[in-house]
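Inspection log for the structure reproduced underneath, given as structure tokens.
The values are calculated or read from the model by the stated rules, or taken from the named source; none is laboratory data. Owing to the predicted nature of the structure, the values given are computational and were not obtained by experimental measurement. Positions of Cβ are backbone-derived with ideal geometry, glycine not excepted, and every protein chain shown enters the neighbour counts.
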Amino acid sequence: MSKVYIYPKGVTGEQLGWCMEYVDGVCPEYIDDDIKGRNFNDLKERIALEKGIIYIALSRLSPKYKLNLETIVEKIKREKIDYILGGMEEYAQKAIYKLGNECARKGWNAICALILPDFVKDKHFGFLEEELKKRRVKVLLFCSQRGSYERALERLDEENQCLLYLSYEFLPLLDFPKVICVTGTYQYHKNVKVIYVGHGIVDWNVNGRIQAVLGNDVCVVGREFMPKKADSITRFLPIGYLGYDKIAKDFSSTKMLVKESVLFTPYDLGELERMIPSIKEVLERFSVILRYRYEWEDSHLQYLEQFLDHQKFTIDNSNPMSLESYQKSFCLVCSKTTSKFSFPLVTLCPSVVVEHNQEGYDQDIGELGVNVSLIGGGGLLAIVSKIYQNLNKWNKKILEYRKREIYNYGKASEYLASYLTSEYGLNEE
């Protein structure tokens, strides 16, 4: 049998290697152009001499798929090395088929699949996995990224759970779970029921949003976000947002800190640039915490150099945002980010949603804070100072809103797990 190589070694390459080992017991070698001694130029002579075969592993979801494929194929052909295209698709199908048969032999006929994208460490599922485990539900952890896969391996309960390490693009092949819980909109197998958990507050009255989840079960965060008009094939469930469960538990079980900071959460580089004058202004009286998004490059720091030595300025680059940032801040300053809703609901402190240009607000903050226009700059210090003076009133107002409008705050995972088991019989032995 020819020696098997996988090229390149990215997430797709790792997933193909995982499938090969799971399906055939084959442990391939990886070609990694980022590592000396493991790159294609270093290995090509050896591969040719031993008549090895290269499986090309590229995700079709990548916008650069065709370009990368042409480059790799050209390099391999030049060395007259055998290669295989489509190996990822073939082995994904084999892995799903094998796992489905294994589950059937165990008598696992009512499986719930959780599609884990590794986005902010899968916080959007809250405690759903734990709640399903309490109910003895059989769970498939479908891991689409390295981070979610590694964490799933650490906690895997083989008596009640199984695992796949595959990309979203292979979800249409996944036919054996009874229910799939997702946080994003993907394509699925026609025989599987889909529960859309979501990733934050979604107002289902906004035009076009219902079309993306047509025919599924959909978790709705709160009363005002429940659609006024809905079709007959989509069920909108008063479940709440599971992502609040973990932070609500952490927030209620730790000692409260003195709130003397303003938390800035720019969504992108443009917002960061526009917030610089406001940060400078607020630092005249209050401490500032800047939420530095995990996907930003180090080059973004150049916009913050003037603040780095300031005693009252700190950067939070944790993923997800640290509990301490919530605890120390008496208001949040933002524009696009969905944190404008979660911050008030967790801390009972308001958000200040800023409009810096003529585009208008992304979404009105309503009772959870204030929408302000800073076109022309200046004026934020007066706004946050007034919030600071009236913080007790804000706390009371937001708490009343949370009790009245948000479904199952802090317990949404429990409610969804109960719904799944009763509606779909997932705890059948």
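Of the residues making up the range 204-237, those that are out of contact with any helix residue (DSSP H, G or I) (no Cβ under 8 Å at 6 or more places or on another chain), among the polar types (S, T, N, Q) and assigned to a loop (DSSP other than H, G, I, E, B) are 207, 216, 232.
Once the range 47-84 is narrowed to residues that are of a type in the set (Val, Ile, Thr) and not in a helix (DSSP H, G or I), the residue that is nearest to residue 11 (Cα to Cα) is 56. The residues of the range 216-230 that are more than 18 Å from the chain's Cα centre (by Cα) and surrounded by 12 or more Cβ atoms within 10 Å (Cβ to Cβ), listed by number, are 216, 217, 222, 224, 225, 226, 227, 230. Screening residue 44 on (1) at pLDDT below 95; (2) assigned to a helix (DSSP H, G or I); (3) exposed (fewer than 12 other Cβ atoms within 10 Å of the Cβ) shows it passes everything except condition (3). The residue pairs whose first member lies in the range 184-213 and is assigned by the TED database to the domain that holds residue 231, whose second member is at pLDDT below 80 and polar (S, T, N, Q), and whose beta carbons are closer than 6 Å, counting only pairs six or more residues apart or on different chains, are 200/338. Listed by first and then second residue, the pairs with beta-carbon distance under 9 Å, at least 6 apart or on different chains, first residue in the range 388-402 and without any contact (Cβ under 8 Å) to a residue 24 or more places away in the chain, second assigned to a helix (DSSP H, G or I), are 400/367. Pairing residues of the range 52-64 that are over 23 Å from residue 79 (Cα atoms) with residues that are among the charged types (D, E, K, R), at Cβ distances under 9 Å and at least 6 apart in sequence or on separate chains, gives 59/169; 60/89; 60/169; 61/169.
Kindly check whether there is at least one residue in the range 238-254 that is without any contact (Cβ under 8 Å) to a residue 24 or more places away in the chain, farther than 25 Å from residue 387 by Cα and part of a strand (DSSP E or B). No - not one qualifying residue is present in the range 238-254. Among the conditions (1) in contact with a Leu (Cβ under 6 Å, 6 or more places away or on another chain); (2) surrounded by 24 or more Cβ atoms within 10 Å (Cβ to Cβ); (3) among the aliphatic types (A, V, I, L, M), residue 110 misses just one, which is (2). Just the residues that are without any contact (Cβ under 8 Å) to a residue 24 or more places away in the chain and either under 15 Å from residue 191 (Cβ atoms) or outside any helix (DSSP H, G or I) (or both), please, taken from the range 96-113. Matches in the range 96-113: 97 only. Being surrounded by 13 or more Cβ atoms within 10 Å (Cβ to Cβ) and closer than 16 Å to residue 345 by Cα is the filter here, so list the residues in the range 249-258 that pass it. Selection gives 249, 250, 251.
Scanning the range 17-25 for any residue that is farther than 17 Å from residue 96 by Cβ, over 26 Å from the mean Cα position of the chain (by Cα) and outside any strand (DSSP E or B) turns up at least one such residue. Is it the case that the range 168-180 has a residue that's in a strand (DSSP E or B) and closer than 25 Å to residue 12 by Cβ? The answer is yes, given that some residue of the range 168-180 is in a strand (DSSP E or B) and closer than 25 Å to residue 12 by Cβ. Looking across the range 179-203, the residues that are buried (at least 19 other Cβ atoms within 10 Å of the Cβ) and at pLDDT 80 or above come down to 179, 180, 181, 182, 183, 188, 194, 195, 196, 197. For the range 271-290, a residue qualifies if it is among the hydrophobic types (A, V, I, L, M, F, W, C) and part of a helix (DSSP H, G or I), and the qualifying residues are 272, 275, 276, 279, 282. Residues in the range 1-20 that are surrounded by 13 or more Cβ atoms within 10 Å (Cβ to Cβ) and either of a type in the set (A, V, I, L, M, F, W, C) or over 19 Å from residue 59 (Cβ atoms) (or both): 8 in all. Among all positions in the range 300-322, there is no residue which is within 28 Å of residue 395 (Cβ to Cβ), surrounded by 17 or more Cβ atoms within 10 Å (Cβ to Cβ) and basic (Lys, Arg). Within the range 18-33, the residues that satisfy the criterion of being aliphatic (A, V, I, L, M) and within 18 Å of residue 163 (Cβ to Cβ) are 20, 23.
When the range 325-346 is filtered for residues that are surrounded by fewer than 24 Cβ atoms within 10 Å (Cβ to Cβ) and β-branched (Val, Ile, Thr), the ones remaining, listed by number, are 337, 338, 346.
Scanning the range 95-129 for residues that are under 19 Å from residue 321 (Cβ atoms) and within 12 Å of the chain's Cα centre (by Cα) returns 117, 118, 119, 120, 121, 122, 123, 124, 125, 126.
Looking at residue 310, is it more than 21 Å from residue 243 (Cβ to Cβ), assigned to a loop (DSSP other than H, G, I, E, B) and in contact (Cβ under 8 Å) with a residue 12 or more places away in the chain? Criteria met by residue 310.
Output the number of residues of the range 122-167 satisfying the condition of being part of a helix (DSSP H, G or I) and polar (S, T, N, Q).
First, the residues of the range 122-167 that are part of a helix (DSSP H, G or I): 122-125, 128-134, 146-155.
Checking the rest, the ones that are also polar (S, T, N, Q) come to 148.
Number satisfying all stated conditions: 1.
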